[in-house]
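To keep things clear, I will list the structure first and then write my remarks on it.
The values are calculated or read from the model by the stated rules, or taken from the named source; none is laboratory data. Treat the numbers as computed from the prediction; the structure is a model and nothing was measured. Cβ sites come from the backbone with ideal geometry, for glycine too, and all protein chains shown count toward neighbours.
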Amino acid sequence: MTKQESHDFRRGSINVSESNHMPKIETADDLKTAVLDAVNTQSVTDIHTHLFSPPFGELLLWGIDELLTYHYLIAEVFRNADVSYPQFWAMSKTEQAELIWQTLFIENSPLSEACRGIVTTLDALGLDVGSRNLQDYRDYFADTTVEAFIDTVFERAKVSKVVMTNDPFDSAETPVWQSGDTGDTRFEAALRMDVLINTYEEVGYEHLRGLGYDVDPNLSTGKTYKEIRRFLETWIQRMNPRYMAVSLPPDFQYPDDGVLGRLFDNCILPISREFNVPFALMIGVKRAVNPQLQMAGDGSGKADLTSLETLLRENPDNKFLVTLLSRENQHELCVIGRKFKNLMIFGCWWFMNNPSVIEEITRERIELLGLSVIPQHSDARILDQLLYKWKHSRRIIADVLVEKYQTVLDVGWTLTSAEIERDVNNLFGGNFDRFLNGN
């Protein structure tokens, strides 16, 4: 394949007849080389992150101290360090980072996925991991700008775009959206609706009233539904989001006679259809299992997926992106995916984002759904995390693909490197784009 053909292919322009004239994979070594090349060079669209573009200021997190005080590591340090919750939260971020570094990296070997991620990130940035010199790592970040660092991370992680998580109820975000300048176009929007859906009666309706929307706390009038739809329309036009999204507890139910069900049926689902903006459901989070851990204190639970089946069946003209937090739900989700074309399964979310689980889930999805899934997203909260989350995931995805391709080669199927590139292109962005843009 020429360089130009390779470039065109990654944009989806090489057809089957052209592929058939390309060299076929002959050996196991050929297969492994072709898969690794495709997976490691394919640029990815990261469909769910908590990252922000530079105009959002301090909401964009980056640097070694942010990496070390990631909530996964905060939860882990309490299992090893002799420190109380009040003592830890009274520390500055610098002090917290130093405690975590000393406890989890010096006094213990960094073998958890969160710790290993720090080491992978430092290595990807060309830093001397073996020195264990925290000050040197801090000096590296002090000597660069956020704009330059974004370019470095996107290039080395081979990420072309990330989808942010954007909360229209967040006063820190609102001025940026109102300005019309959200900066770097590689950062795309997702309209997050947790406040609206999960806390409407407590704070959501009051916030809407403060913005001039005539709503009531009980959703008792048709006018309230119209006002909420007007709010959503305004933010869709302002953000141009790739999708709307909400995190839901494991006891999520649909249909529902309460606020959630009425919001779904009268506001969110109609707007989703009208604007062709998919609705992303992230199901299974149990908030504040241990409140003393603050953001690190959330847990997970197994969901009853009957509600998801009902939602998909009764709303065939709506498109849904779905990921689940419980390992025990993953097989059932794949089976549901076989039944509903308006469902796109995506990523290994939160506590699922560990190598052993990613491998299991990726293999399970391919076995049941072929290549019609989005295997991964980073869920990155710190910009630097794109480096390790995608490096670790690419390796696992490649291993699973090699295994699955080999099974069909063993019985006489033929395969070319171009076909592998096509498949990887779909997994790393093509499936997402087609699902969003299709009818």
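A compact table of results
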item	result
Checklist (1) surrounded by 23 or more Cβ atoms within 10 Å (Cβ to Cβ); (2) in a helix (DSSP H, G or I) applied to residue 425, failing item	(1)
Pair list, Cβ under 8 Å, 6 or more apart: the stretch 68-96 residue over 18 Å from residue 382 (Cα atoms) and assigned by TED's automatic domain parsing to the domain that holds residue 135, other residue surrounded by fewer than 17 Cβ atoms within 10 Å (Cβ to Cβ) and not acidic (Asp, Glu)	77/83; 78/85; 80/108; 85/292; 89/294
In the stretch 92-104, residue nearest to residue 290 (Cα to Cα) [restricted to those that are exposed (fewer than 15 other Cβ atoms within 10 Å of the Cβ) and of a type outside the set (S, T, N, Q)]	93
Condition met for residue 204 (of a type in the set (Gly, Ala, Ser) and touching a helix residue (DSSP H, G or I) at 6+ places or on another chain (Cβ under 6 Å))	yes
Those residues of the stretch 225-246 which are more than 28 Å from the chain's Cα centre (by Cα) and touching a residue at least 12 places away in the same chain (Cβ under 8 Å), in sequence order	225, 227
Of the criteria (1) out of contact with any Gly (no Cβ under 6 Å at 6 or more places or on another chain); (2) assigned by TED's automatic domain parsing to the domain that holds residue 426; (3) surrounded by fewer than 21 Cβ atoms within 10 Å (Cβ to Cβ), which one residue 49 fails	(3)
Hits in the stretch 192-236 (condition: at pLDDT below 95, in a loop (DSSP other than H, G, I, E, B) and of a type in the set (Val, Ile, Thr))	221
Members of the stretch 291-301 found to be of a type outside the set (A, V, I, L, M) and either under 20 Å from the mean Cα position of the chain (by Cα) or closer than 16 Å to residue 344 by Cα (or both), listed by number	297, 298, 299, 300, 301
Residues satisfying the stated conditions in the stretch 68-83, i.e. touching a Leu at 6+ places or on another chain (Cβ under 9 Å), closer than 13 Å to residue 98 by Cβ and surrounded by 18 or more Cβ atoms within 10 Å (Cβ to Cβ)	68, 73, 77
Those helices (runs of 4 or more DSSP H) lying entirely in the stretch 30-105 with at least 2 residues farther than 30 Å from residue 183 by Cα and under 23 Å from the mean Cα position of the chain (by Cα)	71-77
Residues satisfying the stated conditions in the stretch 403-439, i.e. in contact with a helix residue (DSSP H, G or I) (Cβ under 7 Å, 6 or more places away or on another chain) and over 27 Å from residue 162 (Cβ atoms)	404, 405, 406, 409, 415, 416, 417, 418, 419
Residue that is at pLDDT 95 or above and closer than 28 Å to residue 272 by Cα, where the choices are 374, 361	374
Residue within the stretch 209-228 that is more than 22 Å from residue 273 (Cα to Cα) and surrounded by 19 or more Cβ atoms within 10 Å (Cβ to Cβ) present	yes
Residue check for residue 371: in contact (Cβ under 8 Å) with a residue 40 or more places away in the chain, assigned to a loop (DSSP other than H, G, I, E, B), out of contact with any Lys or Arg (no Cβ under 6 Å at 6 or more places or on another chain) and among the hydrophobic types (A, V, I, L, M, F, W, C)	yes
Filter result for residue 44 (aliphatic (A, V, I, L, M) and surrounded by fewer than 20 Cβ atoms within 10 Å (Cβ to Cβ))	no
Residue among 126, 130, 183, 117 that is among the small types (Gly, Ala, Ser), outside any helix (DSSP H, G or I) and within 21 Å of residue 67 (Cβ to Cβ)	126
Residue within the stretch 374-395 that is buried (at least 23 other Cβ atoms within 10 Å of the Cβ), aliphatic (A, V, I, L, M) and within 14 Å of residue 323 (Cβ to Cβ) present	yes
Every residue from the stretch 150-172 that is surrounded by fewer than 18 Cβ atoms within 10 Å (Cβ to Cβ), in contact (Cβ under 8 Å) with a residue 60 or more places away in the chain and assigned to a helix (DSSP H, G or I)	156
Meets criteria (touching a residue at least 60 places away in the same chain (Cβ under 8 Å) and of a type in the set (Val, Ile, Thr)) for residue 182	yes
Counted residues, the stretch 401-417 - those being part of a helix (DSSP H, G or I) and surrounded by fewer than 22 Cβ atoms within 10 Å (Cβ to Cβ)	8
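Here's the yes/no breakdown for (1) within 16 Å of the chain's Cα centre (by Cα); (2) aliphatic (A, V, I, L, M); (3) assigned by TED's automatic domain parsing to the domain that holds residue 45:
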residue: 286; (1), (2), (3): no, no, yes
residue: 311; (1), (2), (3): no, yes, yes
residue: 316; (1), (2), (3): no, no, yes
residue: 320; (1), (2), (3): yes, no, yes
